[in-house]
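Asks: Have a look at this one.
Here, each number is a calculation from the coordinates, and none is a lab measurement. Every value quoted in this text rests on a predicted model; they were computed, and no experiment measured them. Note that we place each Cβ from the backbone using ideal geometry, even for glycine, and neighbour counts take in every protein chain shown.
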Amino acid sequence: MIKFEQIAPKICDCHVHYGKFRDDYYRPEDLVTYFGALGIDKVGIMPTGIAGEADFTVDQKIMGSLPPERFVPYLWVSPEMVDADPTLNTYNTLNYKVIKIHAYARKDWDAKPDKIRTVIQAAYIKGVPVMFHTGGWRGSNAIQFYKFCREFPEVDFILAHGKPISQTLTVLRGAKNAYVDNSFMDIESIKMICDAGLSSRILFGTDFPIMKTFWPEINLINWYKNNIMELIQIFGEKDFMVWANENFYTLILK
């Protein structure tokens, strides 16, 4: 089997965070160190908390300080940001490649479908995908975003985490512009996607380094390497590289 060091320079992780999560704070400079040691090609980066207009300057400064050859900024959008500028042009200085809506962190998104449509329209004009957090409660489960995927066939959507998996499969089957990232997704759920003939719609993501909060004893570098090697062992290098390289470049760095 191929060694991690051989494949690392081709791997893109579409789901990584910095900032405060529960009682932990994940420093941006530590992420630079971690991914430098891992040798990963590209990293989709976003804050952990609820972004807002007041935080954008800070987030822009942080993401702007990260090595641009590796770190790809995402715009975590709040309802207040849409109110301030429905076009989201104010935030173009970030040079973001994905817009993130987190309807679990901000449950009021569920009552604002037209505001979500405004975000999607801005994404269409910008030519970037929209990432939805899925799971956690009814209002952020995957099926809640099916209507948007069908309504905007010209926009690509990423269902972060793919939860619950049964609903995610419904969306993937019914909307060819829908993808799923496998961050915090169990192996059996990934197998279900592959068995449904939808393997090509997976994006590799980890939610790194959030797992440290749930399992404080883990070594993050070892966890990352082991996670990738397990996926390759189970699903094969060819499929994994579609998830971790081809799809990232096609959807996010197009």
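Asks: Please report, for the Cα atoms of the chain, the Rg to one decimal and the Dmax as a whole number; what are they, in angstrom?
Replies: 17.0, 52
Asks: Using R₀ = 35 Å, calculate the FRET efficiency as 1/(1 + (r/R₀)^6) where r is the Cβ-Cβ separation of N219 and W137; round to 0.05.
Replies: That pair, N219 with W137, gives E of 0.60.
Asks: Could you give the length gained by full extension between D30 and D195, i.e. 0.36 nm per residue of separation minus their alpha carbon distance, to one decimal place?
Replies: 55.7 nm
Asks: Put a dot 7 Å past each Cα toward the Cβ at K3 and T250; how far apart are the dots in nm?
Replies: Computed distance between label sites T250 and K3 equals 3.1 nm.
Asks: Can you give me the C-alpha center-to-center distance between region 11-38 and region 53-119, rounded to a whole angstrom?
Replies: Each part reduced to its Cα centre gives a spacing of 18 Å.
Asks: Right, here's the next one. If neighbour count is taken as other Cβ atoms inside 10 Å, put T118, T170, T48 in order from fewest to most.
Replies: Ascending number of Cβ neighbours within 10 Å: T170, T118, T48.
Asks: Still on this structure: So if a site counts as exposed when it's one of the GluC sites (Glu not before Pro), its DSSP state isn't H, G, I, E or B, and it has at most 15 other Cβ atoms within 10 Å, what's the longest stretch of the chain without one?
Replies: Counting only loop sites that pass the neighbour cut-off, the longest clear stretch is 70-153.
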